[in-house]
Amino acid sequence: MLAMKNLMEPAGTMHLAHIHQGTCANERSGKGGPAEYPLKLLTTKKNETATSTTVVKGVTLSQLFSGAPKYINVHAPRVKAVESPSISCADLSSDSAATSSGGTGSSGGGGQDGY
């Protein structure tokens with residue numbers, strides 16, 4: 001489950017989220033990896049939170065948290081056909097639950113970075 005807090009948009013605002021190759025540090029430097037797995041849209045609620053649950057078919061949890069580094073990236077609301085910037089990023093790791101700021105998020109995974 002992906003959970004976000006402190007989303008300052010009106011209720012009903014939708015955010016794209018993906019699992020990417022690489023790390024949040026790569027993303028911040030403009031060298032983020034390609035999206036490997038799309039996640040279900042996050043839709044902001046009246047209390048400035050959003051959650052989504054996505055089943056990534058053909059991939060075990062062990063596979064998701066091993067191998068090459070991966071991160072979850074949540075985007076600002078989309079404007080026209082232009083890809084929107086990242087508002088939250090969390091490196092996937094088997095260590096501990098992630099929190100990030102900008103919106104704060106929990107990926108059920110590890111490292112943390114916020115925007």
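The values are calculated or read from the model by the stated rules, or taken from the named source; none is laboratory data. Computed from a predicted model, the values in this text were never measured in an experiment. In this analysis, Cβ positions are derived from the backbone assuming ideal geometry, glycine residues included, and neighbour counts consider all displayed protein chains.
Contact map, segment 9-35: residues that are over 17 Å from PRO69 (Cβ atoms) and free of Cβ contacts under 8 Å to residues at least 40 places away in the same chain paired with residues that are of a type outside the set (A, V, I, L, M) and part of a loop (DSSP other than H, G, I, E, B), Cβ distance under 8 Å, separation 6+ or inter-chain. Pairs shown: PRO10/THR44; ALA11/THR44; ALA11/LYS45; ALA11/LYS46; GLY12/THR44. Filtering segment 25-61 to residues that are hydrophobic (A, V, I, L, M, F, W, C), surrounded by 12 or more Cβ atoms within 10 Å (Cβ to Cβ) and out of contact with any Ser or Thr (no Cβ under 8 Å at 6 or more places or on another chain) leaves ALA25, ALA35, VAL56, VAL59. Look at segment 57-73: where a residue is closer than 10 Å to GLY22 by Cα and outside any helix (DSSP H, G or I) and a partner is aromatic (Phe, Trp, Tyr) and modelled with pLDDT of 90 or more, sitting 6+ places away or on another chain with Cβ atoms under 9 Å, you get LYS70/TYR37. Residue pairs whose Cβ atoms lie under 9 Å apart, separated by 6 or more positions or on different chains, with the first residue in segment 79-96 and under 17 Å from GLU9 (Cβ atoms) and the second charged (D, E, K, R) and at pLDDT 85 or above, are SER86/GLU27; SER86/ARG28. Does SER86 meet the test of being of a type in the set (S, T, N, Q) and in contact with a His (Cβ under 7 Å, 6 or more places away or on another chain)? Judged against the criteria, SER86 is a match.
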